[in-house]
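A.B. asks: Before I ask anything, let me first share the structure, which is written out below as structure tokens.
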Amino acid sequence: MRRDVFQAIADPTRRAIIVLIALQAMTPNAIAGHFDTTRQAISKHLRILTECELITQEQQGREIYYQLEVKKMKEIDKWLEQFRKIWESRFNQLDEVLLTIKKNKK
């Protein structure tokens, strides 16, 4: 079953994993050490994130390191940009209303 990135980031544990490995590549055991859950559960989250291409894995000796795939995160940011513009517009309108109210009180 093919998942999309929005299904992947819908889960709070997967979002937390993304935050962790955004700072540095980590092994599955190092990642699991930050959560109060089983290593198998973390492996499932890592598999989903890998399937969605949000993270990649790199073999270094006997260890596998997971790292963030920045290009895929930029796709999410691009999608969110449309909402960011709407929110900014609404905040600007609210600023104007508040200024009008403030001027009328004087």
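The values are calculated or read from the model by the stated rules, or taken from the named source; none is laboratory data. Computed from a prediction, not measured in an experiment: that's the story for all the values here. Reconstructed Cβ throughout: ideal geometry from the backbone, glycine too, with neighbour counts over all protein chains shown.
A.B. asks: Determine if region 62-72 includes at least one residue that is touching a Phe, Trp or Tyr at 6+ places or on another chain (Cβ under 9 Å) and among the aliphatic types (A, V, I, L, M). Show your work before the answer.
C.D. replies: Residues of region 62-72 that are touching a Phe, Trp or Tyr at 6+ places or on another chain (Cβ under 9 Å), as a first pass: none.
So far as region 62-72 goes, no, none of its residues is touching a Phe, Trp or Tyr at 6+ places or on another chain (Cβ under 9 Å) and among the aliphatic types (A, V, I, L, M).
A.B. asks: Another one. Considering only residues that are free of Cβ contacts under 8 Å to residues at least 40 places away in the same chain and within 16 Å of the chain's Cα centre (by Cα), which ones fall in region 51-72? Give the derivation first.
C.D. replies: Taking region 51-72 and keeping what is free of Cβ contacts under 8 Å to residues at least 40 places away in the same chain, we get 55-64, 69-71.
Once the filter is applied, which keeps residues that are free of Cβ contacts under 8 Å to residues at least 40 places away in the same chain and within 16 Å of the chain's Cα centre (by Cα), region 51-72 yields Ile55, Thr56, Glu69, Val70, Lys71.
A.B. asks: Do we have Arg84 as basic (Lys, Arg) and assigned by TED's automatic domain parsing to the domain that holds Ala8 here? Steps first, please.
C.D. replies: Values: basic (Lys, Arg): yes; assigned by TED's automatic domain parsing to the domain that holds Ala8: no.
It is false that Arg84 is basic (Lys, Arg) and assigned by TED's automatic domain parsing to the domain that holds Ala8.
A.B. asks: Being within 15 Å of Thr27 (Cβ to Cβ) and free of Cβ contacts under 8 Å to residues at least 60 places away in the same chain narrows it down to one residue among Ile86, Ile42, Ile101, Ile48; which is it? First the steps, then the outcome.
C.D. replies: Numbers: Ile86 fails: within 15 Å of Thr27 (Cβ to Cβ); Ile101 fails: within 15 Å of Thr27 (Cβ to Cβ); Ile48 fails: within 15 Å of Thr27 (Cβ to Cβ).
The match here is Ile42.
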